[in-house]
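Beneath this line is the structure, given in structure tokens, with notes to follow.
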Amino acid sequence: VELDKLLHEDPEAAYIADERVNETVARINSKLSKMEIIVFSGYMQGLSYTEIGKRMGKDAKSIDNALQRIKKKISELED
């Protein structure tokens, strides 16, 4: 809702915000393996570890391990 308001009230600010999101996603993706990108995408879509695992042919523990690696890599980007 706030993004819609921003788009209508200040298109320049909306464009800048969108660019920041794209830059952040690119930075994250540059640090992740292909598997981690798929896991992260599923996680961001709200899928459970089991659902992500089923789609990838992996068990939930593998997904959990991947998410732990992802969280560590993302936190390192913030430093």
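Bear in mind that the values in this text are calculations on the coordinates, not laboratory data. Only a predicted model underlies this, so the values are computations on that prediction, with no experimental measurement involved. All Cβ positions, glycine included, derive from the backbone under ideal geometry; neighbour counts span all protein chains shown.
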Dipole magnitude of the chain about its Cα centre, charges +1 at Lys/Arg Cβ and -1 at Asp/Glu Cβ only, in debye to the nearest 20? 800
Check ASP59: other-chain or 5+ apart residues with amide H under 5 Å from its amide H, H built from backbone geometry? none
Label 7 Å along Cα→Cβ of ALA60; the range 20-41 residues with amide nitrogen under 18 Å? 39-40
Using the Cα gyration tensor of the range 35-79, with a ≥ b ≥ c the square roots of its eigenvalues, what is the shape: rounded (a/c below 1.5), prolate (a/b larger than b/c) or oblate (neither)? prolate
Structure-derived P(r) over Cα pairs in 10 Å bins from 0, in percent: which label, when the choices are (1) 18, 37, 26, 17, 2; (2) 17, 38, 29, 12, 3, 0; (3) 17, 50, 27, 5, 0: (1)
Provide the packing ranking of 23-33, 40-50, i.e. peptides ordered by the mean count of other C-beta atoms within 10 Å per residue, highest first. 40-50, 23-33
Potential lengthening between LYS31 and GLU76 on full extension [0.36 nm per residue; Cα-Cα distance subtracted]: 15.2 nm
